[in-house]
Amino acid sequence: MAAVVGLVAVSLVGGCLALVGVGLDQAITHDLLGEDFAQDAGTFGTGRFGDVAWAVQDGAYVGTNVSGSTASGSSFASYARTAYVADTSVDVVDVEGAVGPGSQIGVGCADREGERGYVLLAGPDGSDVRIARLEGGRVSADSLDRATGLGLGTLRSLRLGCTPDPYGSDVELSGWVNGRSVLWTQDADGLGSYASMVLGLVDVPDGAVVRFDDAVAVVPGR
């Protein structure tokens, strides 16, 4: 009888732990961010930030260089929670303006303030793709990985995976352009957690307009 009572007790404890586990799993969302810009900017900001003005127009999130000269700028949105692995993606609906060969458009994973992290960048024609650090809210001129002449065609989508090594300090970075895997690199002693998504414009001319849609960030594999 004692053995039976003990077994029942263990079963009850195991059941309670299982329920707690289910509750915790449901409470911790793996969908970090999802904005379709159908009504508003969601958790992204609007207004002028530095040289770029951001607004929602016709169901897209629009960045416009209003500086009067070639300029760079970014906007960010907070995740639902801090994540230790993040996969961020965005559609590039349209690019207007005399965008030069050095101009790039990017998406990234960053800290809560959008100051430090990583960005995947590509030219509007998909000819120049790179992964760079985000430092102080600015994209580094130095690349962690770069590829040119890929023949990807007009830029339509960007996706960056940020995956820290659970047993070390390296961060694995994977980049996709127009659904094609194009870059893979590592950053030693890199940023190990992410709390926001970044959209950026780099070296675009005055008056250039970039329209984004379907900005999504998830914990991959869930």
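The values are calculated or read from the model by the stated rules, or taken from the named source; none is laboratory data. Values in this document were obtained by computation on a predicted structure and should not be read as measured data. Don't worry about glycine lacking a Cβ; one is built from the backbone with ideal geometry, like all the others, and counts go over all protein chains shown. Areas reflect the complete protein model, heavy atoms only, side chains present, ligands, DNA and RNA absent. Shrake-Rupley method; radii C 1.70, N 1.55, O 1.52, S 1.80 Å.
Of the set (1) over 14 Å from Gly175 (Cβ atoms); (2) free of Cβ contacts under 8 Å to residues at least 40 places away in the same chain, all apply to Ala110 but (2). Any idea how many residues of the range 75-90 are in contact with a Leu (Cβ under 7 Å, 6 or more places away or on another chain), β-branched (Val, Ile, Thr) and either open to solvent by 10 Å² or more (accessible area, probe 1.4 Å) or farther than 20 Å from Gly175 by Cα (or both)? Total satisfying the criteria: 0.
All conditions but one from (1) of a type in the set (Gly, Ala, Ser); (2) in contact (Cβ under 8 Å) with a residue 60 or more places away in the chain; (3) out of contact with any Ser or Thr (no Cβ under 7 Å at 6 or more places or on another chain) apply to Gly153; the one that does not is (2). Taking the range 87-145 and the strands (runs of 3 or more DSSP E) fully enclosed by it, the elements with 3 or more residues that are closer than 16 Å to Ala217 by Cα are at 104-110, 117-122. For Arg116, indicate whether it is within 17 Å of the chain's Cα centre (by Cα) and either under 17 Å from Ser72 (Cα atoms) or surrounded by fewer than 16 Cβ atoms within 10 Å (Cβ to Cβ) (or both). Yes; evaluated as a whole, the condition is true for this residue.
Being closer than 27 Å to Asp94 by Cβ, buried (at least 17 other Cβ atoms within 10 Å of the Cβ) and in contact (Cβ under 8 Å) with a residue 60 or more places away in the chain is true of Leu201. Taking the range 67-91 as the range and being under 21 Å from Gly137 (Cβ atoms) and of a type in the set (Val, Ile, Thr) as the test, the residues that pass are Thr70, Thr82, Thr88, Val90.
Determine whether Gly68 is within 21 Å of the chain's Cα centre (by Cα) and at pLDDT 90 or above. No; evaluated as a whole, the condition is false for this residue.
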